[in-house]
Each structure stands twice: as structure tokens, then as C-alpha cells.
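A short write-up of the structure that comes next.
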Amino acid sequence: MTSTTPPTTPPTSSSSPSSLPRRTVLATGAAGAAAAGVLGSGVRPAQADPTGQPGQAGAAERAKAKHEVFQHGVASGDPLPRRVVIWTRVTPTPAATAGSGKGGPVTVTWQVAKDKRFRKVVSKGRFLTSAGRDHTVKLDAKGLKPDTEYFYRFRALGQKSPVGRLRTAPRKRAALDNLRFGVVSCANLEAGFFSSYRGLAARDDLHAVLHLGDYLYEYPTGGYGMGQGNVVVRPHDPPHEMVSLEDYRRRHANYKADPDLQALHARYSWILTWDDHEVTNDQWKSGAENHDESEGDYKVRRARAHRAYDEWMPVRMDGTAALGDGTRLYRRLRFGQLAEVSMLDLRTYRDEQAALPGVDPTVSDPSRSITGKKQMAWLKESLTRGDHAPQWKVIGNPVMIAPVTFGDLPNDLIDPINDVTGILPGDGAPYNVDQWDGYTADRREVLGHIRDHQVKDVLFITGDIHSGWACELPLDTSTQPLYGDSYGVEFVCSSVTSNNLKDITGVPQLTPIVETAILANNRHIKYLDFDNHGYSVLDITPARAQMDWYVIGARDDAATPIEWSTSYATQAGTGRITPVDAPLEA
Ligand SMILES: [Fe+2]
């Protein structure tokens, strides 16, 4: 979801002046600040430069001295027991910048080794790239052993890439003691530095990173920045909204120049899905809030966005790492007998959002879908697999599934909440129709399926809403306090940088009022933090799943401190949530 506050600079292409940036969310007054474990001196600060744009000006200066072939780092993703996607991008000449179409074909060699000095190479090969794929390199490195850490690198034109690390998934039948993931979403480069990525990169205890979407934002410079004034902490490239294929490629390069992002990609394999901003705000299957006719045919634009995403991200589209072989992003990744991660695509197949939230019966129209029919059948299959089904069913969920009603909140608070969390009109009814609340028939189908098949240990891991939440998932919120029924648990990470409630209102004192009202009206919601930015760490064992929330200090400080905020857990077989008084040991 999303939206933007009115741009301080007119967008070159269409965004509606009335649209507002969304997402954010509730902060709890208490939880955030009290913190334990400050991530201290071991955490490398981003390499800020005087332009305020780490990485980019520095990269340009270095390029003057000596042209750098590997300017966008390395990445890996979608770990399987014997293969993992590895990625990089080469810049063969100074003119061959992302999206330029310039530069000839380049043969890139790659290696995967057991050691960081590459003395024990276990897999290697050559890859021919060209301007036709924006000089990106993406392939499945095969021949690896399950549940093993490896190092990888690329070489081209006499230069070596940085070294990345990856870890394969365990064998399908492996019994695991635990799995641990970093969890992130909503990283708006103009709103600040990616300290959340820095914090996760400093850890040494993760299997992989889950990214729930809004990896990058489409807005023009000043269209969606930091706080009420949309302050630009560091500018987007290109400076206009991304619409053309060149625009999308350049914006991916813009983000991939960030040193914190590069560090986290190099450190861990990522498992990603997209939300709306990878294409444009509040996209649905045939359009988007931030798209109009002046920007051409919507589906042509979306195809460009998906192509650039396929080129620049370490994901398997339609099951392989070959570029352009498909458009399907939703997929499953299994981790032994302990868990399976099912990443959803809730944008490409969804019907248009309801126009009148709260009073519009459209939200419960059974003919409308947020998943689309095929993906719904696939999701239900993920929840009820046959023999040897993994214990924890982890659903990578781009928008919240827990019902949220804002009840008796005064109208002057509903508006800023909507700015952050939804696409609601100014005086609209108080809930967010861009998430599963706008497609309640689909939600009932999923939760009903869980109930009917007595599925246990379903865990929705969610982003998008720029706030932290821990929720139980009843079919009927009004009777849940009485019967205690819950068909799973939802943990929502906050945003890496994108604006939250305090940022939108400019009045932090309002946040506790909103949070108190929401908690009072929604007894299945056990925790919410509308005011902090950060990341989460999810740890899964056979006995329980626990999520830790970490919060960053100032978004415009590249070396800002990072602190533990709070933790919640769900015990296996319960579907219920309990607070935990300390974070996981790193
Ligand atoms: Fe977002």
C-alpha cells in the first residue's frame, strides 16, 4: 500500500495530488524506547558522503579513478537444498549505466566455494550478459550440499566482484532445531538511510532474509520523502516517477548502490515478494491509484516493471532463475520438516480496491479476490500438504490479513491513519481496503480452510503497513474474546524507512490514543507500534515461533543506533500470542 503526500515537486508523470503516502502504523508509546540490547560498536555505519547519498557519489568518484565493473554488489536468493540463485550486474564501460542500453556483451565467470579464499570451488560457470538484460547476471548455482554455507563471486573484464555468502536450505526430510529469518519491508530511499539493513547484516545467526515488498518506490524526487514535508534525505534516480523500462532499471540501480543494502544482500540469501511500489502505488490487476492514461497502458507499464524486477532481483520467476521465462512470483521454499515459506503475490491478480471502505458491501463480495483463483487454490494447498508436510506454514504476506476496525476513533485521527495505512478517502470509514480487510470473502476462505482441515501452526509474516503488529486470526472478531478461536498468527514488521503515523501527523502524542483505541476495538490484536521504523527477526523451533522487533533512531542519520523494542511468541498448536520479555540470543 501506499500513498503519497502531495509532492513538493510536481511529478513528471501522473501521481494524483490528492494521494497520500500510506503505511505506517501504530507505535506503542511504551514499547519502543525502553530497550535493551543496543546494537553497538560492531555495526558498521553506512558510508555517508557529503552529498548525503551514500554509495552513489562515492561510486562515481571511484569510477573516475578507475572504472569499476561491479558497482551494484552481489546478491543471492531462493535457497533450495542443492541450488541457490546468485546475482550481480556489470558496468562494462562508464557509459553503460543502468537503463542506458549501452555497452556490448560481456562474459562473466562465477564461482561458489566452501571457503572465502575460493580454494575449494564446488561450482562454477560462465554467463553471457548484454544490454538486452541491462547487463545483469542471474543464474541458479547448482551442485551444492544441503544446509551448508558457501561463498560466491563473479569476475569480468579483469575485475572481481565483492564476495557474497549464501546458505542452502536443509534436505526436505531434515529435522531442524530452529530456523531464523530477518524480516523487512518498505524501504523508501528518499525517506532515509537503510539502517535496518545494516542491523541485520551485522548479525551472524540468520538462515535468510524475508522481504515482504516495497523494496523500492516509484515516486519522483520529493513525491514521497521523510515526514510531513516529504523531506528528501537522498534523491531518487531518475528524478521523475518511474514509468519507462529505462526508469525502472535506473531506479533499481539507484537502490542497489546503497552500501547497507549491498551489505545485507552479500551477507544472506533473500526471499522476496513484491507489493505495490515495485510497479506503482496501490496496483491491482488492471490499474493502480498512481497510474493514469498519460502514462500509457497500465499492463505495458507493469510488464516493464516486472521485467526490470526479474533482471535486478535474486528471485525465481516461474520456478527458475532464467530471465523472462515467466511472470509468476508466488512460490514455496521448504526448510526441512520444520517450515515451508509460501510467498504470496497480492497485486498481480487482485480485483480493484473497494471505493467506499466501511460502508461498501463490495469488500465482502465473494466474486472479488485479492489472490486470484489460481493462487488461492495454491495457497490452500500450501496449508494442507500431504505426507511429510512441514510443521510451520509460513506465509510471506505483502498486506495485513488480520481484521482491523478503528471503531470509535474521532474523524480527525482517522484521516492521518488512512494516510499511512490505506487508500481511504478523507472521511471514509475506518479500515484499510487495500489489505485483506477489503477482500473479506478471500480471508474467510483461507481461515475457513484452516479451520475445516484443522491446520495448525500457520504464521502470516507481513509488511506494507509501516508499523509493527502481532495479531491472532479469528474468523469472527466479535466472539473471539469469548471463544478464543484463532486459526493462525500474524506478525507484521515495521518499515525500513517509509513514513508512519507520527511522521504523518507530526504529533507523536496522538499515537498512543490511536493505539489504545485500536487495541480496545480489536481484542485479537495483541501488539502494535505505529511510530517506529526498523526490522524484525523471526525464530522458529518445533515448540514455538518468536518475532523480535528492532527499532532504529533517526532515519536521516546513517549511523543511528538500533535497539530491541519488543518480542512476541506463539506456542506450537495454539494459534495464540504471548509476550516475551527478551530478544533471541544472536
Ligand atoms: Fe510501503
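The values are calculated or read from the model by the stated rules, or taken from the named source; none is laboratory data. Quick caveat, the model's predicted, so the values are computed rather than measured. Heads up, the Cβs are rebuilt from the backbone with ideal geometry, glycines too, and the neighbour counts pull from every protein chain shown. The accessibility values were calculated without ligands, DNA or RNA, using every heavy atom of the protein model including side chains. Shrake-Rupley method; radii C 1.70, N 1.55, O 1.52, S 1.80 Å.
How much length would be gained if the chain were fully extended between THR479 and ALA377, taking 0.36 nm per residue of separation minus their Cα-Cα distance, in nm to one decimal?
Full extension from THR479 to ALA377 adds 33.9 nm.
Using a 1.4 Å probe, what is the accessible area per residue for region 93-149, in Å²?
Accessible area per residue: 52 Å².
Ignoring ligands, DNA and RNA, what accessible area per residue does region 191-270 give at 1.4 Å, in Å²?
On a per-residue basis, region 191-270 sits at 18 Å².
Just flag the trypsin sites (Lys or Arg not before Pro) in region 164-211 sitting in loop per DSSP whose Cβ has no more than 12 other Cβ atoms within 10 Å.
ARG173
Taking +1 at the Cβ of each Lys and Arg and -1 at the Cβ of each Asp and Glu, which of THR371, TRP270, GLY287 sits farthest along the dipole of region 250-404 towards its positive end, judged by Cα position relative to the Cα centre?
The residue sitting farthest along the positive end of the dipole is TRP270.
Structure shown: which of LYS256/LYS299; LYS114/LYS526; LYS138/LYS393; LYS114/LYS256; LYS114/LYS373; LYS120/LYS172 lie over 32 Å apart, alpha-carbon to alpha-carbon? Mind dumping the intermediate values first?
Numbers: LYS256/LYS299 25 Å; LYS114/LYS526 44 Å; LYS138/LYS393 28 Å; LYS114/LYS256 26 Å; LYS114/LYS373 43 Å; LYS120/LYS172 26 Å.
Those over the limit are LYS114/LYS526; LYS114/LYS373.
Using a Förster distance of 51 angstrom, determine the FRET efficiency expected from the C-beta separation of THR148 and ASP452, and round it to 0.05.
Values: r = 39 Å, r/R0 = 0.77.
So the FRET efficiency works out to roughly 0.85.
Pop out the carbon and sulfur fraction of the accessible area of region 70-197 as a percent, whole number, probe 1.4 Å. Spell out each step's value before the answer.
On the way: 2290 of 4890 Å².
Heavy-atom surface of region 70-197 belonging to carbon and sulfur, 1.4 Å probe: 47 percent.
Hey, which lysines would be in cross-link range of LYS116, C-alpha to C-alpha under 16 Å, not counting anything within fewer than 8 residues on its own chain?
LYS124, LYS160
Counting DSSP beta bridges with both partners in region 139-218, what percentage is antiparallel, nearest 5? Could you put the intermediate results ahead of the total?
On the way: 6 of 10 bridges.
Once the DSSP bridges in region 139-218 are tallied, antiparallel ones form about 60 percent.
Can you send over the solvent-accessible area of ASP115, 1.4 Å probe, protein chains only, in Å² to the nearest 10?
30 Å²
If each of LYS102 and ALA586 carries a label point 7 Å out from its Cα toward its Cβ, how far apart are those two points in nm?
Result: 4.2 nm between the two label points.
Calculate the spin-label point distance for ALA572 paired with ASP115, positioning each point 7 Å from the Cα along the beta-carbon direction, and give it in nanometres.
My value for the distance between the label points is 3.9 nm.
Quick check: net charge around VAL106, other residues with Cβ under 15 Å of its Cβ, Lys/Arg +1 and Asp/Glu -1?
Result for the neighbourhood of VAL106: +4.
If the only charges are +1 at each Lys and Arg Cβ and -1 at each Asp and Glu Cβ, what is the size of the charge dipole of region 452-586 around the Cα centre, to the nearest 20 debye? Provide the component values of the computation, followed by the final result.
Working: 7 positive and 18 negative charges, 47 e Å.
That gives region 452-586 a dipole magnitude of about 220 debye.
Using a 1.4 angstrom probe on heavy atoms only, work out the carbon and sulfur share of the accessible area of region 262-412 in %.
Of the solvent-accessible surface of region 262-412, carbon and sulfur hold 51 percent.
Give me the number: length gained by fully extending ASP325 to ALA65, i.e. 0.36 nm times residue separation minus the C-alpha to C-alpha distance, one decimal in nm.
89.7 nm
For region 460-506, what is the accessible area per residue in Å², given a 1.4 Å probe and the full set of protein chains?
Heavy-atom accessible area per residue stands at 21 Å².
How big is the dipole moment of region 165-282 about its Cα centre under a simple scheme where the beta carbon of each Lys and Arg is +1, that of each Asp and Glu is -1, and everything else is neutral? Debye, nearest 20, please.
Numbers: 14 positive and 16 negative charges, 181 e Å.
In debye, rounded to 20, region 165-282 gives about 880.
State the extension gain, in nm to one decimal, for the chain segment bounded by LEU157 and ARG385, taking 0.36 nm per residue of separation less the distance between their alpha-carbons.
77.3 nm
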